[in-house]
Amino acid sequence: MIGQRYDTSGAHFAFTDRWGGVSAVPYEELNLGGAVGDAPEAVRANRARAAAELGLDPAHVVWMNQVHGADVAEVDGPWSGTGDAIPSVDAVVTARRGLALAVLTADCVPVLLADPVAGVVAAAHAGRPGMVAGVVPAAVKRMTELGADPARITARTGPAVCGRCYEVPEAMRAEVAAVEPAAYAETSWGTPAVDVAAGVHAQLARLGVTDVADAGVCTLESGDHYSYRRDRTTGRLAGYVWLELS
């Protein structure tokens, strides 16, 4: 259920795998995405199970309507309402300790950020378009406006399609690399590719964020994780970040 978890100096980071839930095929088992065609009651049950394993109240986890952009929302509590009441953003930031932020992915890079000293955390959804648009720098900028220091920020990136597997047309690779050269890649079979995680890590390094680690899991290669590129109709993984109550 919780594939990776990291706990550092009062900050908590977690990434799910696809197991331990109640969703039926093709969403088996722990689908946490509410907009992929799965039964809503299964998604609610899965979110409750994941929250319970993490010691969280599922009613106090902040989710997003992700749209592959670079907009950031600052939150101090759960959204009031569901569906259209949740804004279309690809990063959320909070200065409220104990409030968990969540990001959904199935090949895109989930990015979790925390500065426990300032009491600020962020979660970002960085697919290829979002990485190019600068969603991660935008999230870090909002964190600094709330008192975070990039030198203190811990960053964790979760399971995502790797540069050896993310094949794209040559023109697309060139467009991406013109914005972020570190994302230039080649597949294991020798065709043009994009490495979104490498691009995100390069962006963080330029911002002064040095405590960065990756989950080291390629979603397309791993049967334990959802992959949109592999399966098309599939579930969504989640990354969670929160700070302990002081």
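Bear in mind these aren't lab numbers, they're just calculated from the coordinates by the rules spelled out. For clarity, every value in this text was computed on a predicted model and none was experimentally measured. Positions of Cβ are backbone-derived with ideal geometry, glycine not excepted, and every protein chain shown enters the neighbour counts.
Of Ala114, Ala213, Ala45, which has the largest mean-square fluctuation in a 10 Å C-alpha GNM of the chain?
Maximum among the listed residues: Ala213.
Grab the other residues whose beta carbon is less than 10 angstrom from that of Val121, score K and R as +1, D and E as -1, and report the net.
For residues surrounding Val121, the net value is +1.
Within the set of other residues whose C-beta is less than 11 Å from the C-beta of Thr219, count the net charge using Lys and Arg as +1 and Asp and Glu as -1.
Charge balance near Thr219 sits at -1.
What does the net charge come to around Gly199 if you take all other residues with beta carbon closer than 9 Å to its beta carbon, with K and R at +1 and D and E at -1?
-1
When the Cα centres of segment 1-42 and segment 135-157 are compared, how far apart do they sit, in Å?
For segment 1-42 versus segment 135-157, the Cα centre distance is 25 Å.
Need one number: nm distance between label points at Glu145 and Val25, each 7 Å from Cα along Cα→Cβ, rounded to one decimal.
In this crude spin-label approximation the distance works out to 4.8 nm.
Name the residues of segment 135-150 whose amide N is less than 15 Å from a point 7 angstrom out from the Cα of His60 along the C-beta direction?
What the label zone holds, given the 15 Å backbone N cut-off, is no residue at all.
Sticking with the crude label model, points 7 Å out along Cα→Cβ, report the distance from Glu186 to Val212 in nm, one decimal please.
2.3 nm
If a helix is a whole DSSP H run, which ones in the chain reach 20 Å or further along their own axis (Cα) and hold a mean Kyte-Doolittle hydropathy of at least -1.0?
Taking the DSSP H segments of the chain (at least 20 Å long, mean hydropathy at least -1.0), we get 40-54.
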